[in-house]
Amino acid sequence: MKPIAGTGGECYIPYNERSGAESVVYFTRDLSADGLEKLYKRISSHLTGKVAIKVHTGERNGPNIIPRPWVKQLTDNALPGAAIVETNSYYEGERQTTEGHREVLKANDWTFAPVDILDEDGAMMLPVKGGKWLTEMSVGKHIVNYDSLLVLTHFKGHTLGGFGGSNKNIGIGCADGKIGKGMIHALNGKMWGMNKEEFMERITESTKSVTDHFGEKIVYINVMRNMSVSCDCEGVEAQPVVTPNVGICASVDILAADQACVDMIYAMPPHFRHAMVERIETRHGLRQLSYMKELGMGNDRYQLIDIDNNDAIITAADAVDHVVPFEI
């Protein structure tokens, strides 16, 4: 099946040109453990039972990942008993095997809570409803051991995906390393061989298998800090950070959460947003957003609630009016 032409993965759609319902996205400028915990409490009622936290724990000594003390405070105070969950990598490296992955986890100080490598004991299939490319996705089989999922994401660029938000975190991050990630990345057995729009659609279809599995018991937090154009999978080889820090977003709507972060990038002055926008558009990363909407995964319109200012409703431009300049 060929990709639909003109799906606009390189074309940003301004807010006033979107249609449909609005979701709620909570926002704080407080980039700290306390800020993360305050924002989590706004969406925590959706999580019950045994909770998994999907966070990118990073390559060895990766400089830009979410600070471990923030996650420790969250688990200690708000999510006792929750497990951090990961899957092994598709690309070659330490994280390709469970044994090597656990060594990297230790090196990066992910030792304060249990870490469950979901595909340590193999994979299972989840159905993909309404997909164009996939009818099912191979995910780490331990995923069924959890009742709820907190998707805790370091929002940043991505070498192939343009940007890495909640969609990328679970679309690639819950797929198992041996089969599922190959179903996303490979075309006719060749890695990296597909159309850019198709790649975004495959990521999103993989995500849909997970969001459908958890239903209403899944929530999303995006941390807009240390945003290199590189993914955390590049570790110490990541490109320098040139995009200003912004804050943290949280929602029960995955599309609204990722769209709000993208809108904040585009609302920055041109010299601040240039590197990230170039990365997003040259990879057709915006197709992640439009395809989530086509698949009925959420809304690209939202009310942005500023919890720092008495829950005022603000715009993306309001959210970034404080950004710290960089000499670039």
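The values are calculated or read from the model by the stated rules, or taken from the named source; none is laboratory data. The shown structure was predicted, so the numbers you read here are calculated from the model rather than taken from an experiment. No Cβ is skipped: glycine too gets one built from the backbone with ideal geometry, and neighbour counts run over all protein chains shown.
Suppose the filter is hydrophobic (A, V, I, L, M, F, W, C) and either modelled with pLDDT under 95 or surrounded by 24 or more Cβ atoms within 10 Å (Cβ to Cβ) (or both); does residue 137 pass it?
Values: hydrophobic (A, V, I, L, M, F, W, C): yes; either modelled with pLDDT under 95 or surrounded by 24 or more Cβ atoms within 10 Å (Cβ to Cβ) (or both): yes.
Here the answer is yes, as residue 137 does meet what is asked.
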Please give the number of the condition residue 61 fails out of (1) within 23 Å of residue 164 (Cβ to Cβ); (2) under 19 Å from the mean Cα position of the chain (by Cα). (2)
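Looking at the structure I just gave you, is residue 244 free of Cβ contacts under 8 Å to residues at least 60 places away in the same chain and not charged (D, E, K, R)? Full working, then the answer.
Working: free of Cβ contacts under 8 Å to residues at least 60 places away in the same chain: no; not charged (D, E, K, R): yes.
Spelling it out, it is not the case that residue 244 is free of Cβ contacts under 8 Å to residues at least 60 places away in the same chain and not charged (D, E, K, R).
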What number goes with the only condition from (1) under 27 Å from residue 303 (Cα atoms); (2) modelled with pLDDT of 95 or more; (3) out of contact with any strand residue (DSSP E or B) (no Cβ under 6 Å at 6 or more places or on another chain); (4) not polar (S, T, N, Q) that residue 18 does not pass? (3)
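Condition test on residue 172, is it surrounded by 24 or more Cβ atoms within 10 Å (Cβ to Cβ) and in contact with a Cys (Cβ under 7 Å, 6 or more places away or on another chain)?
On the way: surrounded by 24 or more Cβ atoms within 10 Å (Cβ to Cβ): yes; in contact with a Cys (Cβ under 7 Å, 6 or more places away or on another chain): no.
So residue 172 does not fit the description; no.
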Some residue of the stretch 32-48 being β-branched (Val, Ile, Thr) and assigned to a loop (DSSP other than H, G, I, E, B): yes
Residues in the stretch 277-303 that are in contact with a helix residue (DSSP H, G or I) (Cβ under 6 Å, 6 or more places away or on another chain) and hydrophobic (A, V, I, L, M, F, W, C): how many? 4
